[in-house]
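The values are calculated or read from the model by the stated rules, or taken from the named source; none is laboratory data. Note that this is a predicted model, so its numbers are computed, not measured. Using ideal geometry, Cβ is built from the backbone for each residue, glycine included, and neighbour counts are taken over all protein chains shown. Quick note on the areas: whole protein, heavy atoms, side chains included, nothing else; ligands and nucleic acids left out. Shrake-Rupley method; radii C 1.70, N 1.55, O 1.52, S 1.80 Å.
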Amino acid sequence: MRAVLFGGTVPPLHAKVGEFLETDSYARERLAQAEEVLGDRVLPRFSQATESYSPEARQAYLVTCVALADRARDEDGEAGVCAAASIGHLPALHYSGALSFADMVLLGEAVTACENEWNATDHGLVSHFMYRVGRDRLAQLCAEVEAEGGRAEVAGHFSDTIHLLNVSAGSLPQLERGVRAGGGVPVLTFPQAEHSGVNAPLRDRIGEAVSGFRFRDARVGFVRGADGALVDSAEDLRSLLRDDCVTPVDFPLVVDRLRALGVDRVHVIGPGNLFERLTKEHFDVTVLVPDARARGLEVPDSGPARVGGRVPSNT
């Protein structure tokens, strides 16, 4: 069985995917549809954007993901199941059949507005990605921060050694020192808490936004990023989108579920992100890459670059 995975951690800026949106036939078609829905041009605003989480960057991300998924479906057929994490949920909901393209575009605008309004206020927490940190060491790092009066909570396990942690802003230097001291690598900090209970008011705002949209039962089963559960009802999928901001991600559970379902091939959809490396040791993976030139990859005459191959699993 084949699965489609919509990963993504940060929407890319125009320098990375602008050429793809301007030249790929699938992207141009979806871009025109999105602009008709929005009543505004996306590319001119996107080309000037300097913030990855701006509304125009989010819309460019959605168009990119859907266009790549369209190509994968036309070339390889529809996948038996789809999965997503974080910002990948909206294009995955469209792929599953739960949301129309127009509703996905409009809901993307609404969710972005909710998030940007919420994150404009400092809530005292930041989120930090780290590599090469085992789960036992992660628990120690949390305890060390809390012993000094700070707050630390897991926002996501992406593998047994790659994690996202919410931490008090003032405790970030201590956390980074602790990560390095144990042989880990501090990678990236976001200026807000992700997948945290502190975002409960944001969940309520997103809940109000999604209540105005029609969700359908999924045509393609959806593996939930929080716990690997297979969901397909309209209301479960609506709740998934609403609750994502307060629910930690556990991607190893997604991998376990996909393997239990008999998945052996995965198309990773979207701009370059860590999910391609997280899946390659478990599945035969093809990554459809819109930001190929920015990554120094050879771009074919037609369509996006594909990065594929299987890494023998040791699990």
Full-stretch length increase - Asp204, Ser47 - with 0.36 nm per residue and alpha-carbon distance subtracted: 53.3 nm
Computed magnitude of the charge dipole of segment 1-128 (debye, nearest 20; Cβ of K, R +1, Cβ of D, E -1): 220 debye
Accessible surface, per residue, of segment 140-240 when the full set of protein chains is kept, probe 1.4 Å, Å²: 45 Å²
Antiparallel bridge percentage (DSSP; both residues within the chain; nearest 5): 55 percent
Cβ-defined net charge surrounding Ala98, 11 Å radius [Lys, Arg +1; Asp, Glu -1]: -1
Length-normalised contact order for the chain - Cα pairs under 8 Å, 6+ apart - percent: 23 percent
Candidate residues Val285, Val187: accessible-area rank, largest first, probe 1.4 Å: Val187, Val285
Within-13-Å neighbourhood charge of Glu117 [Cβ basis; K, R +1; D, E -1]: -3
Where a label projected 7 Å from the Cα of Ala147 along Cα→Cβ would reach, residues of segment 159-195 with amide N under 19 Å: 167-168, 170-184
Segment 130-184 versus segment 241-270: alpha-carbon centroid distance in Å: 23 Å
Helix-only CD estimate at 222 nm, as mean residue ellipticity for the chain, using -39500 (n - 2.57) per DSSP H run (n ≥ 4): -13500 deg cm²/dmol
Residues listed by number, segment 199-231, amide nitrogen under 20 Å from Met1 label point at 7 Å toward C-beta: 217-231
Inter-centroid distance (Cα atoms) of segment 57-86 relative to segment 1-49, Å: 11 Å
Cβ-derived FRET efficiency at R0 41 Å, Asp160 paired with Asp217, nearest 0.05: 0.75
Whole-angstrom gap from segment 101-128 to segment 209-237, using each part's C-alpha centre: 19 Å
